[in-house]
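Worksheet: the structure to be examined is printed underneath.
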Amino acid sequence: MRKKVIAGNWKMYKTRDDALDFIYQVNTQVPEREDVETVIFAPSIYLRSLVKRQEKLRIGIQNMHYLDEGAYTGEISLPMVKNLGIQYVLIGHSERRKYYNESDSDVNLKLLKVLQTDLIPMVCIGEDLEIREKGETTEFVGEQVKRAFEKVTAKDAKKVILAYEPIWAIGTGKTATPFQANETISEIRQTIFELYGKEVSEEIRILYGGSVKTSNINDLLEQPEIDGALIGGASLVPSDFILLANAGKK
Ligand code: PGA
């Protein structure tokens, strides 16, 4: 059975005070669940403060550079984040692809880098509305997966978490229906099967993201192919996040 992941992506929201306030409110209420990992991808500037105070929540970084060091003003490398005590690295979010021109090849280099450590990479993929309307989602997302996993071994591929986030559903209030999300995720699993075979395709975790909220998360998690959620807006509110972290409880 694949362990579910409920992850919050704070993007460029919350000051350090807000973030600490969130942790204090949420810490004691995030359930200790055998069946779920709960993660917050926070702004890097106060990751250390959160790691020091977090209990059941795990903490991740929203982005990193694929080189160890160099003259790249404003960038953060993996050796810099490794010792902070964080456990996850988000790679290739659609906002990074769109506003910072991150390519599939950047995503691949970052993924290969993270896989050299014991941190867990979460790789985002997803199509825009035009591609969905043209009926080209399967091919587009399949290509993104293939490019992201170039030179990744089967042993390493199992460690990756994929987040399928249709761009038209991010921050728009328009969620993919549970059926649409499940269908595309099952096609992504099929691509993983073609690349790595049955074992990896059955073990790899694939989340859905895009306007997930307390009112729709349970329906999404009920789908057999969906192994959790990556949540933006709704993860910012402590009371909502607690509900989200408890979602899908049997
Ligand atoms: P949203 O963002 O939940 O606000 O749509 C999701 C994401 O960008 O990961």
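The values are calculated or read from the model by the stated rules, or taken from the named source; none is laboratory data. It should be emphasised that the depicted structure is a prediction, and the values quoted were computed from it without experimental measurement. Reconstructed Cβ throughout: ideal geometry from the backbone, glycine too, with neighbour counts over all protein chains shown. For the accessible areas, the whole protein counts, side chains as well, though only heavy atoms, and no ligand, DNA or RNA atoms are used. Shrake-Rupley method; radii C 1.70, N 1.55, O 1.52, S 1.80 Å.
The criterion of being within 15 Å of the ligand (Cβ to nearest atom) and either crowded, with 18+ Cβ neighbours inside 10 Å or within 14 Å of the chain's Cα centre (by Cα) (or both) holds for Gly228.
Can we say Glu95 is farther than 18 Å from Val237 by Cα and either of a type in the set (A, V, I, L, M, F, W, C) or not in a loop (DSSP other than H, G, I, E, B) (or both)?
Numbers: farther than 18 Å from Val237 by Cα: yes; either of a type in the set (A, V, I, L, M, F, W, C) or not in a loop (DSSP other than H, G, I, E, B) (or both): yes.
For Glu95, the condition - farther than 18 Å from Val237 by Cα and either of a type in the set (A, V, I, L, M, F, W, C) or not in a loop (DSSP other than H, G, I, E, B) (or both) - is met.
Taken over segment 71-92, the criterion of being open to solvent by less than 60 Å² (accessible area, probe 1.4 Å), within 22 Å of Leu230 (Cβ to Cβ) and either in contact with an Asp or Glu (Cβ under 9 Å, 6 or more places away or on another chain) or not in a loop (DSSP other than H, G, I, E, B) (or both) is satisfied by Leu78, Val81, Tyr88, Val89, Leu90, Ile91, Gly92. Taken over segment 162-211, the criterion of being among the hydroxyl-bearing types (Ser, Thr, Tyr), under 20 Å from Leu90 (Cβ atoms) and modelled with pLDDT of 95 or more is satisfied by Tyr164, Thr184, Tyr208.
Go through Asp35, Asp104, Asp68 for me and flag whichever is farther than 20 Å from Trp10 by Cβ, open to solvent by less than 50 Å² (accessible area, probe 1.4 Å), more than 16 Å from the ligand (Cβ to nearest atom) and acidic (Asp, Glu).
Asp104
Of the residues that make up segment 203-220, is at least one of a type in the set (Gly, Ala, Ser), open to solvent by less than 50 Å² (accessible area, probe 1.4 Å), in contact with a Leu (Cβ under 6 Å, 6 or more places away or on another chain) and within 16 Å of the ligand (Cβ to nearest atom)?
In the first step, residues of segment 203-220 are kept if they are of a type in the set (Gly, Ala, Ser); the result is 209-211, 215.
Next, from what is left, pick out any that are open to solvent by less than 50 Å² (accessible area, probe 1.4 Å): 209-211.
Right, trim to in contact with a Leu (Cβ under 6 Å, 6 or more places away or on another chain) and you get 209.
Restricting the remaining residues to those that are within 16 Å of the ligand (Cβ to nearest atom) gives 209.
Yes, segment 203-220 contains a residue that is of a type in the set (Gly, Ala, Ser), open to solvent by less than 50 Å² (accessible area, probe 1.4 Å), in contact with a Leu (Cβ under 6 Å, 6 or more places away or on another chain) and within 16 Å of the ligand (Cβ to nearest atom).
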